[in-house]
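*Asks:* Take this structure, written in structure tokens, and hold onto it; I'll ask about it next.
Just so it is clear, none of the values below were taken in a lab; they were calculated from the coordinates. Everything numeric in this text was worked out from a predicted model, so none of it was measured. Here Cβ is always computed from backbone atoms with ideal geometry, including for glycine, and neighbour counts include all displayed protein chains.
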Amino acid sequence: MYKRIKFLLIAFLTFCLLVTICHFLFRPIISGNVYNIENGWSVEYKGEAYTDISLRDIPKKLGYGAKKGDIITLSTSLPASNVYSFPTLMFLSRYSAFDIYIDGELVMSRFKDLLEKDEYIGCSYNVLSVPDSDNSLLLKMTMYIEEDATYNYFVAPVYGDYHDVVRANVFYNMFPLATGIFLIIFGAAFFIITLGFYKTLPNILSQLFSSILFINLGIWLLCYFKLIDYFVYTNSRSTEVEYICLYLMVPMIYLIVGCIQQHYKNWIFLVVSCTSSFICILLIALHFLNVIHMSRTLPFFQCVSIMCSVFILTIFRRELVQKKLSKSEQIQLAGLSFFALSYLVNFVTYSLEIRYIVPSSLLSTRLIPMAGLIFVFANLINYFIYISESFAMRKEYASLTHLAYADGLTDLPNRSRYDKYMNDLDSGNEDYCIISLDLNGLKEINDHDGHATGDKYLLEFSSVLKQCFENKAFIARIGGDEFVAIMKKEYFDEVDSLLTRLKDALEVKNVLYPDYRRSVATGYAFSTEVEGQDSHSVYLLADKRMYENKKLMHAKLGITARI
């Protein structure tokens, strides 16, 4: 187990090393070739004009968010574009359609068709090719607001050569990009593997739900950081996917926790989880019913998610104190608790950043992806511990079951296993044949040669019995020198030939090893010979015929009959 954990730790560190290498690999070649247009903006809003202000000051002028139907016009001067091979401007539009003008000429217009239909417009990065010019250019951006509380913060547009602009964006978001892709691929693989163990290990449900959460989290990361458009064109619909994935995290987390220690049986947990999950699903439904969009219901979700995070942390703390959790459950719940805690910290940090109370940092782009990776790592350790413990328990159970139903000397099924098999025959309706077998001379060998030789005789006979009947009969040792073989209908025509083979095999051993005489008395009866097909009656008939055969053999061999 420790070797597996060591391997996982090395794999995790290797992944972090690869992300670090990619971080520097995608760094813009020359930092001066790409720059953020943060200052020098002019703004027109509701008849008011503001000049030479920075993007961080604009939300204050807008009252921290424009209203639906408002129009915001931003303009600034761009340096000469002929210094670039492919001059490009990348900017983030949020819940709005827009027109882009350069030197008074319309060069891009997006989402106005959705605006006219009053359909939802999300957030997306837009890439604009800038015309070649030896002189500075006048950039004018007209935003048509589709949602209330839009543009409570602005992301500075990036200007430079196309490859450098894209590389700069990838560079800044390398960690969430790599983490999102990893979570989707790993979650899908983990889901398939876990699903394969579901029938044999039904208690593995928490890992199954965790794998779905990994996929959901990976998709959310790519949508949240507006990276999904590198793979699929979404026409700003990625914002809807982002909110759906975000809102579904709460029900998924409750499903995972509910499967640990069977919390779903606790009525308090059941009420809290069902209520929270219902609210999240209701918010999604209201969006698609066009009652209120998810971007407006985010505060309600944040309240629910904060309650969920606190609830999870409380459960983890309580059960650690009460020592109810196994090692694997402790690790899984610790990873989930860290993920919940990271959401709380990220929520506070992000809220302060967009209000410019604290400076923007890399924390918001690093914390949740790192928490997701730690959650994955915790689940891998939990998975290996759980699988190892489960298979150890199954192996122990199989061993105990075998001991309970196996004869200690011959390793054949014992009397208990035989009785169970007979009960199964009575509950079925198939025809069968019971063969009663009784060793001749075992008492005499025990008396004259010792019980060790008698045990050898029993072992030799059981070995021959297994070889002769192969997989054609259920065989068991039901007494000291008493054995039984039960055959199904398809082998009825082989009964006499198999018994002849058994006796011939014993005669061969007598010739090769003449230390003592080996022989067996046999008798058999078919279930069709007994009215009602009672298995015990069939056995008694077979046993009666065996004893008749045994008397003849004793008389022939000169063996004294037992009293």
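*Asks:* What whole-number distance in Å separates the alpha-carbon centres of segment 401-452 and segment 245-278?
*Replies:* Taking the Cα centre of each part, segment 401-452 and segment 245-278 sit 52 Å apart.
*Asks:* Show log10 I(q)/I(0) for segment 207-279 at q = 0.12, 0.16 Å⁻¹, two decimals, from a solvent-free Debye sum over equal Cα scatterers.
*Replies:* Debye intensities relative to I(0), on a log10 scale: -0.40, -0.62.
*Asks:* Hull surface divided by four, with the convex hull built on the Cα atoms of segment 42-179: how many nm²?
*Replies:* 9.1 nm²
*Asks:* For the cross-link pairs Lys112/Lys140; Lys67/Lys117; Lys472/Lys551; Lys46/Lys140; Lys466/Lys489; Lys466/Lys488, which exceed 25 Å when the distance is taken from alpha carbon to alpha carbon?
*Replies:* Table pairs above 25 Å Cα-Cα are Lys472/Lys551.
*Asks:* Per residue and in Å³, how big is the convex hull formed by the alpha-carbon atoms of segment 133-175?
*Replies:* 126 Å³
*Asks:* Let me ask you something else. Using only C-alpha atoms and all pairs of different ones, pull out the Kirkwood radius for segment 167-293 in Å with one decimal.
*Replies:* About 16.1 Å for segment 167-293.
*Asks:* Right, here's the next one. State, to one decimal in nm, how far the label point of Phe347 lies from the label point of Glu531, with both points 7 Å from Cα in the Cβ direction.
*Replies:* Rounded to a tenth, the inter-label distance reads 7.9 nm.
*Asks:* Still on this structure: For a quick size check, give me the Cα extents of segment 399-558 along its three principal axes, largest first, whole Å.
*Replies:* Result for segment 399-558: principal-axis Cα extents of 46, 40, 24 Å.
*Asks:* Also, quick follow-up: Would you grab the residues whose amide H sits under 5 Å from the one on Phe86? Only those 5+ places off in sequence or on another chain, please, with H modelled 1.01 Å from N.
*Replies:* Tyr162
*Asks:* As a test of understanding, state the convex hull volume per residue of segment 247-314 from its alpha carbons, in Å³.
*Replies:* It is 73 Å³ per residue.
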